[in-house]
Ligand SMILES: C[S@@+](CC[C@H](N)C(=O)[O-])C[C@H]1O[C@@H](n2cnc3c(N)ncnc32)[C@H](O)[C@@H]1O
């Protein structure tokens, strides 16, 4: 089965049924949690007991955001798929959710966020870049 990012744009691929399938897969739940833990380690936030405000870019249904919540942080998640955000709302994730394309910016003022994570989402942009290069090479 080809990877999601080569099948269709994310706002089309992650429709209602894919969003539900994604969120109920125990394998995906575990992977998102483990990578989010690692992303938090890499952020190396000060260990001062003060909750931080984090951005989850491509937050999907909020699996990665749950790890942020478990660590006591606040978060805002953005995603391009309304269906993924609908599932996040149903699951009552703690983060505030924005329907937005990460490539277009969020209009947040500098310094508002203490850090950002993006788990299994940025490769979609890389895939678009690869497709663009492949097309350009054919010209
Ligand atoms: C594999 S899912 C991971 C979701 C999330 N990290 C989680 O734990 O559930 C990738 C997500 O990236 C989102 N995404 C892809 N391209 C995006 C873009 N340009 N802007 C915002 N979100 C995007 C998709 O809609 C999808 O929900």
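Coordinate-derived values only; no laboratory data. Keep in mind that this is a model prediction, so the values were computed, not measured. All Cβ positions, even for glycine, are placed from backbone atoms using ideal geometry, and neighbour counts span all protein chains on display.
Of 52, 21, how do they rank once you tally other Cβ atoms within 10 Å and put the fewest first?
21, 52
Which value, to two decimals, describes the C-alpha radius of gyration of the chain once divided by 2.2 N^0.38 Å?
Output field value: 1.09.
Using Cβ counts within 10 Å as a stand-in for footprinting exposure, how do 35, 119 rank, fewest first?
35, 119
I need to check one value: relative contact order of the chain, counting alpha carbon pairs closer than 8 Å and at least 6 residues apart, in percent.
Contact order relative to length: 28 percent.
Going by how many other Cβ atoms sit within 10 Å of their own, how do 48, 56 line up, fewest first?
48, 56
Expressed as a whole number of Å, what is the distance separating the alpha-carbon centroids of the stretch 83-137 and the stretch 33-69?
14
Over the stretch 60-119, what is the relative contact order in whole percent, taking alpha-carbon pairs under 8 Å and six or more residues apart?
Once normalised by length, the contact order is 35 percent.
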